[in-house]
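Asks: Could you have a look at this structure, given as structure tokens, before my questions?
Laboratory data are not the source of any read-out in this text; all were calculated from the coordinates shown. Source: prediction; values computed, not measured. Neighbour counts are summed over all protein chains in view; Cβ atoms, including those assigned to glycine, are modelled from backbone coordinates with ideal geometry.
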Amino acid sequence: AALDRDSDLSMDSEEEFADESTSDKRRRLAKQYLDNLKEEVDDYAFDAADLDRDRLAERLKEDVAEDKGRIYRFLGDDLDFPNRSDPETDSSKIIERLFKIGVNGVTSIAVKDNFAYTISKDLFLTKWDISSSLLASTPRRVRYAKGDRHATQDPSYKGHTDEILCLAVSPDGKHVITGGRDLKVVIWAAESLTPLKAIPTKDRNGIVMGLAFRRNSSMFYAACADLKVRTYSLDQQAHIETLFGHQDTVVDIAALGQERCVTVGSRDRTAILWKIAEETRLTFRGGDLITPTAKSISTKTKYPEGSIDVCSMLDDQLFVTGSDNGNISLWSLQKKKPLFIARETHGIDTPMDAARATAESSPREIDVPKPMPRWVTAIHAIPYSDIFFTGSWDGTIKCWKLENENRKFSLIGELKGVKGVVNRIDIVETGGPKNKENINVYAAVSKEHRLGRWMKVPGGKNGIYLGVVRRK
């Protein structure tokens, strides 16, 4: 009977608008959109005056800007960082905590709604409750799932059998996807952390290095070590397409609302923007040691760019990358070379002790390698805004702001107290839809880099870092 009533209602609705013209339909849908906006704003309003025409007009402008892929959130001047010239007298503005968790090698973190998800090299996927104040105590572990290294020959096993390197949470928060050295992408139910399906890359070098969801979509992308970028559908739980173009391991990937993504290819020193629907790509070449003519060596920097390791998109026209020589580069789709490069952004590493640098019984100073810049190991931009954050192993997470009509950027603040390598950064804004009170910066911190054990940070911790930046 209920089905009959629903069908009768739908038929009545169709009959009601059967004679509607195209312009009338457009007008009706626009009115419905405005009504929905009023209801959404009303959920957060405390005064009827807040529901005025200006507020609705501002929200409409934001929706149009995001649809067009433009930066419309200018947050850089609103963040209340301490005065960099005298940070000690102003240190109370920043709230920082580092929570040690009992796993080995935290490789990534993703935050959605009231939960944070972490993965580690010892095959743990863990769900944490961050709804209560993290500043009071360690976050509560809600659930966890652990892989099995002995199940490599079991085709029915849906979990991981080797190190988990990357993860992402679906836009609706109902699914978590992970990838790692066992050559597969695993789809999990976010509520119970039950593995739903394992999708193999079907390549002996198909280690999954990075994952990213398209905003407000069920499509996600994977960066793989076999030089390929793969696209997947969460609805179908299947691999859709494979993209070719990099000449080395694809180590990181980023995406926003359009059907496109940005990847970086480590030692091929390129970033590629993939226009998936158009089946085209744009290649951006790094390696700023070489001049555009490739006939002479530039004197801009004494540290060559060996690989581009991380990337993040600011909007549909701008993105940023981080390199192994400490470079942070700002790129535009309108230019093949970076708009701006900041060098040695996280400082020079501590010189190696002579006794560790050589096996000789009487080490000489000549045997000690020259100290090199710290790599940019993590980068994260707040979508459609003018700020982004970077991390390394210098004990800080740095915040940068675009300026000069989005053609360069500068450092506006630092979060300190980070003990270890920053392997991944994620951002959560707290407050209502308009008046975000704080920016919570979460980071996966580890004693070692997520992709190897090239260094051990003295005093490093395996855990979750939280830095709270207040709005002015």
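Asks: Of ILE240, ILE308, LEU339, which is farthest on the positive side of the dipole of the range 77-470, counting Cα position, with +1 on Lys and Arg Cβ, -1 on Asp and Glu Cβ, and the Cα centre as origin?
Replies: ILE240
Asks: Local charge sum around GLY159 (other residues, Cβ-Cβ under 14 Å, Lys/Arg +1, Asp/Glu -1)?
Replies: That works out to +1.
Asks: What span do the alpha-carbon atoms of the range 77-470 cover on each of the three principal axes, reported in whole Å from largest to smallest?
Replies: Principal axes ranked by extent give 56, 56, 52 Å for the Cα atoms.
Asks: Once both labels are modelled 7 Å past Cα along the beta-carbon direction, what's the ILE382-LYS31 spacing in nm?
Replies: Here the modelled spin labels are 3.7 nm apart.
Asks: Check each of the trypsin sites (Lys or Arg not before Pro) in the range 203-291 and keep only those in coil by DSSP with at most 12 other C-beta atoms within 10 angstrom; list them in order.
Replies: ARG204
Asks: Determine the gain in length on full extension of the stretch SER233-LYS472; use 0.36 nm per residue of separation and subtract their C-alpha separation, reporting nm with one decimal.
Replies: 82.0 nm
Asks: Report the gain in length on full extension from ASP129 to GLN153: 0.36 nm times residue separation, minus Cα-Cα distance, nm rounded to one decimal.
Replies: 5.2 nm
Asks: State, to one decimal in nm, how far the label point of ASP24 lies from the label point of ARG215, with both points 7 Å from Cα in the Cβ direction.
Replies: 3.6 nm
Asks: Shifting gears a bit: Counting Lys and Arg as +1 and Asp and Glu as -1, each charge on the Cβ, what is the dipole of the range 77-470 about the Cα centre in debye, to the nearest 20?
Replies: Dipole size: approximately 480 debye.
Asks: Which of ASP148, ASP252, ASP19 comes first, and how do the rest follow, when ranked by fewest Cβ neighbours within 10 Å?
Replies: Lowest to highest Cβ neighbour count: ASP19, ASP148, ASP252.
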